[in-house]
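Student: Before I ask anything, let me first share the structure, which is written out below as structure tokens.
The values are calculated or read from the model by the stated rules, or taken from the named source; none is laboratory data. Here the structure is a predicted model, which means the values were calculated and not measured. Backbone-built Cβ (ideal geometry, glycine too); neighbour counts: all protein chains shown.
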Amino acid sequence: MSEPLKQDQRWEQIRQRLAQFETRLAGGFAVDAEERDLRLLERTRQWATVVEEEQADGWLEVLSFSISGELYAIESEHVAEVLPLAQYTPLPSTPPYVLGIVNVRGHIVSLLDLRVLFELPISGLSDKNFMVILRNSEMEFALLIDRVLGITRIRQEALQGELANLTGVRAAYLLGVTAEQWTVLDGGRLLGDPNLRVMDED
């Protein structure tokens, strides 16, 4: 079997597993906590392997989502989990873009509202909101999003570095813009910004 064919089959297996994950995500993760954790761990390992391969051939794997009717994406290597937003606890004396904190299986994570940070239209929360948990070795927080669109790959060389209508805060966290007008956020910059550190994530 040729190497390209093996690679195509590997990608197809990954797509099938990610499709199964997204189906369960849309259904509210209707599995028990232990099985869910195992599935999330498997997904994380798959992403890590794919990211290494993509970086070598100029591709980026991204999680795409919508916020206030606009399309966004972020490198999947920074994504730890995607979960439905059940409830959150507001925090007093925090910046306006800090929605509050959420309890993720006994672990407290701060929840940021990119609509406020990016000055986007705000229409309130619904029972269909999700949160994307970003994590690295030093920082962790969740981003409020409207809807998960899925996992896809984009070519790094196809990203536009600047757009006239993207200025201020959004430009500061910009990795690039696709031909389809997806705003690709730089997860490394988000996680590395001390201004977004709401509390110690110990």
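Student: Failed condition for I133, given (1) among the β-branched types (V, I, T); (2) without any contact (Cβ under 8 Å) to a residue 60 or more places away in the chain; (3) outside any strand (DSSP E or B), with all others met?
Tutor: (3)
Student: Name the single residue that is farthest from the chain's Cα centre (by Cα) among those in region 69-93 being surrounded by 15 or more Cβ atoms within 10 Å (Cβ to Cβ) and in a loop (DSSP other than H, G, I, E, B).
Tutor: Among those that are surrounded by 15 or more Cβ atoms within 10 Å (Cβ to Cβ) and in a loop (DSSP other than H, G, I, E, B), it is L91.
Student: Part of a strand (DSSP E or B), touching a strand residue (DSSP E or B) at 6+ places or on another chain (Cβ under 9 Å), modelled with pLDDT under 90 and not aromatic (F, W, Y): is that true of L144 in this structure?
Tutor: Judged against the criteria, L144 is not a match.
Student: Determine which member of the set V79, V98 is under 19 Å from D186 (Cβ atoms) and of a type outside the set (S, T, Y).
Tutor: Going through V79, V98 in turn, just one is under 19 Å from D186 (Cβ atoms) and of a type outside the set (S, T, Y): V79.
Student: Separate question: Which pairs do you get when a residue that is closer than 19 Å to L196 by Cβ, found in region 73-94, comes within reach of a residue that is among the β-branched types (V, I, T) and modelled with pLDDT under 90, reach meaning Cβ atoms under 6 angstrom, with the pair 6+ apart or on two chains?
Tutor: Listed pairs, sorted by first residue: E77/V51.
Student: If I ask for residues that are among the polar types (S, T, N, Q) and over 16 Å from the mean Cα position of the chain (by Cα), which ones from region 100-125 would you list?
Tutor: Within region 100-125, N103, S123 meet the criteria.
Student: Only one of these is over 30 Å from G58 (Cβ atoms), modelled with pLDDT under 90, surrounded by fewer than 13 Cβ atoms within 10 Å (Cβ to Cβ) and basic (K, R): R105, R115. Name it.
Tutor: Exactly one residue qualifies, and that residue is R105.
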